[in-house]
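Working notes for the structure below.
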Amino acid sequence: MSEHRATVVWRFGGGDFRKGQYSREHTWSFDGGLSIPASPSPTIVRPPYSNPASVDPEEAFIAAIASCHLLTFLYLAGKAGIEVSSYADEAVGVLTKNEAGVPWVSSVVLRPRIEYGAGSQPSAEHAAELHHQAHLQCFIANSVKTQIRVEAS
């Protein structure tokens, strides 16, 4: 198998830590050298202690699920001889509270819009089966308890 790493760094930049009056902005760095500004969602921690322009963990979680589905779908389509020319997904996750009152991302809806190469348009049934198989084989979907629904158009 393989290991995948991310480095998360936060440093106190001033304010009153004990009263929660400090910035939660931090940085995610990945093995390829990319660094991304991160912050809690402004719906969870209000600005100026969060930064709406940064990626928040909930968005990253939803993007990881959508990206994994995309990559698995492309792989399966290619193996089936179907050419994909574009794939766009405006995925939406919903944060709710569990039985203990703890917030969690309880559902994610993927809404992929796919364009196929000339002569490669699969039937609606075949496309649905490709999405089903992509969901079953996606590493991330297999790693979470969140309900994931695919509403392909």
Report summary line: Reviewing [x] 52, 32, 30; [y] 46, 42, 31; [z] 62, 39, 30, the figure for Cα extents along the principal axes in Å actually calculated from this model sits under [z]
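With an 8 Å cut-off on Cα pairs and a minimum separation of 6 or more residues, tell me the relative contact order of the chain in percent. All intermediate terms of the calculation are to be shown ahead of the outcome.
Values: 234 pairs, mean separation 26.4, N = 153.
Relative contact order here is 17 percent.
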**Report entry** Between segment 135-153 and segment 65-125, the Cα center-to-center distance that results, in Å
**Finding:** 8
Query - Dipole of the chain, positive end: most advanced residue of Pro48, Cys68, Ser29 [Cβ charges, Cα centre] - result: Pro48
Report summary line: Under 5 Å from the placed amide H of Val84, counting only residues 5+ away or on other chains, we find Gly117
Query - For segment 1-82, alpha-carbon Rg and Dmax in angstrom - result: 17.2, 59
Query raised in the report: In the neighborhood of Gly93, defined by Cβ-to-Cβ distances under 15 Å, what is the net charge if each Lys or Arg adds +1 and each Asp or Glu adds -1?
Result: -2
Report summary line: For the chain, the longest principal axis of the Cα atoms and the Cα long axis of helix 124-137 enclose an angle in degrees, to the nearest 10, of 40
Query raised in the report: How big is the antiparallel share of DSSP beta bridges in the chain, given as a percent to the nearest 5?
Result: 80
**Report entry** Efficiency of FRET from Cβ geometry, Phe12 and Ser107, R₀ 41 Å, rounded to 0.05
**Finding:** 0.70
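Helix-derived [θ] at 222 nm for the chain: sum -39500 (n - 2.57) over DSSP H runs of at least 4, divide by residue count, nearest 500? It would help to have the intermediate numbers written out before the result.
Details: 2 runs with 37 residues, N = 153.
Result for the chain: -8000 deg cm²/dmol, rounded to the nearest 500.
For segment 64-151, what number results from the quotient of the Cα radius of gyration and 2.2 N^0.38 Å?
So segment 64-151 has a normalised radius of gyration of 1.20.
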Query - Dipole magnitude of segment 1-55, debye to nearest 20 (Cβ charges: Lys/Arg +1, Asp/Glu -1, about Cα centre) - result: 280
Requested in this report: Assign unit charges at the C-beta atoms only (+1 for Lys and Arg, -1 for Asp and Glu), then state the dipole size of the chain relative to its Cα centre in Debye, rounded to the nearest 20.
Outcome: 580
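Give the peptides 85-95, 8-18, 131-141 in descending order of average Cβ contacts within 10 Å, highest first.
Numbers: 85-95: 14.2, 8-18: 9.3, 131-141: 17.2.
Packing order, densest peptide first, comes out as 131-141, 85-95, 8-18.
Computed from the coordinates by the stated procedures, all read-outs in this text should not be read as laboratory data. It should be emphasised that the depicted structure is a prediction, and the values quoted were computed from it without experimental measurement. Don't worry about glycine lacking a Cβ; one is built from the backbone with ideal geometry, like all the others, and counts go over all protein chains shown.
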